[in-house]
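Have a look at the structure below before the remarks.
Nothing in this text is a laboratory measurement; each read-out follows from the coordinates by a stated rule. Not measured: the values here are computed from a predicted model. Here Cβ is always computed from backbone atoms with ideal geometry, including for glycine, and neighbour counts include all displayed protein chains.
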């Protein structure tokens with residue numbers, strides 16, 4: 001709504017590619033590498049991390065989707081219809097899972113950590129993004145605005161779902177809840193500053 005349809009669709013497409021191909025695999029690789037046994041050598045730890053990542057349904061789905069898109073392979077209409085129905089249900093189901101995870105949650109011991117995560121996502125991330133854009137003055141202004149709005153937005157609802165893999169779903173859900181509530185302020189301030 002802030003930037004218009006054309007600029008937004010380009011920015012969303014770029015953001016999806018970066019998050020899918022770089023951020024999620026890198027975050028999972030770092031998390032997998034740090035949760036493996038510390039008594040093994042670096043090479044064995046790297047092999048174990050790659051093996052775990054290669055079995056991740058999330059990364060397998062991302063790779064298949066990007067391959068189909070990259071080679072412009074069109075799925076049969078029946079398969080595409082099923083995927084479209086699943087895509088429409090994905091966001092509500094993810095929010096339901098996050099909400100279910102929040103039920104009975106006692107965030108008292110997690111508020112400091114969850115607050116720090118949210119602060120990093122909602123303040124540090126857009127600040128560093130703005131600094132990066134300032135150092136590259138030749139970028140399209142509409143894409144800069146979209147990047148800053150995305151950076152000021154809360155983490156995606158997949159954040160606690162990925163956290164479940166490492167036993168951190170409570171902390172991630174609390175951070176998502178705090179981040180979503182605080183993003184009303186950060187997104188509004190960002191929009192006011194860039195428009």
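Tabulated results
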item: For the chain: rounded, prolate or oblate by the Cα gyration tensor [a/c cutoff 1.5]; result: rounded
item: Ascending count of other beta-carbon atoms within 10 Å, so fewest first, for 63, 41; result: 41, 63
item: Contour minus Cα-Cα distance for residue 54 and residue 135 (0.36 nm per residue); result: 25.5 nm
item: Cα-based Rg of the range 72-169 normalised by 2.2 N^0.38 Å, two decimals; result: 1.46
item: Percent breakdown of C-alpha pair distances by 5 Å bin, ordered from the shortest bin, for the range 1-73; result: 3, 14, 19, 17, 15, 12, 9, 6, 4, 2, 1
item: Per-peptide average of other Cβ atoms within 10 Å, ordering 66-79, 163-176 highest first; result: 163-176, 66-79
